[in-house]
Amino acid sequence: LDALLLRAGMAMSAKDFQTAIPDLRTILRNDPASKPALLLLARAYAETGEKQLSVDSYRNYLDVDPLNDEIRVEFARRLMQSGNLDDAEKQIDQILKRSRAYLPALLVLLDQQIARQDWTRAEATANWIIKGTGEEIAGHGALGKVLLAEKKFPEAISELKRVVDAASGPSEARRLLAQAYVGANRAADAIDL
């Protein structure tokens, strides 16, 4: 089984998902609770567009490892990408009931609220990240993202500049700030950025 897992891992690294899937299924026939195989299978199905098989595999993984918040967040993001906001929200709620300040879950929650155009709750979540988690920079980035989605460009620019000034190098905040500049008809500032 270890050799099959190694071969499947190498196939996944090479983005040869169709080769990895049979090996992973063989492993799971012999060891249905193999966390590495369940996780790789969920990811392989997601990459090949087998959405329902991916969802089932993530659920099987979380049955075996229900407190793995990192994988639950990954699963919630996959659910969101497939347009299943309600199930994604249930996954995030499970995490936040245990840990109200878990930043990756809060960021997915924020993205869900933006997708639903629930601006009041999205701003409240961003402000909670700023004040309640100790992740002030991430919170200002989150608030900037919400304000940008609301097309409140000057306010978004203000929040996102705080984040960009605090960090160096490429970042999501830098990309969002460029979008805010463009939205505010400040193309020269976007180009300079």
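Segment 60-131 and segment 146-169 have Cα centres separated by 22 Å.
Would segment 29-142 count as rounded, prolate or oblate if I go by the C-alpha gyration tensor, calling it rounded below 1.5 in a/c and otherwise prolate when a/b exceeds b/c, oblate otherwise? Prolate. Among the listed values (1) 50, 43, 36; (2) 58, 37, 27; (3) 58, 39, 34, the one matching Cα extents along the principal axes in Å as calculated from this structure is (2).
Read-outs: derived from the displayed coordinates by stated rules, not from any lab. Just so we're clear, the structure is a prediction, and the values are computed from it rather than from any experiment.
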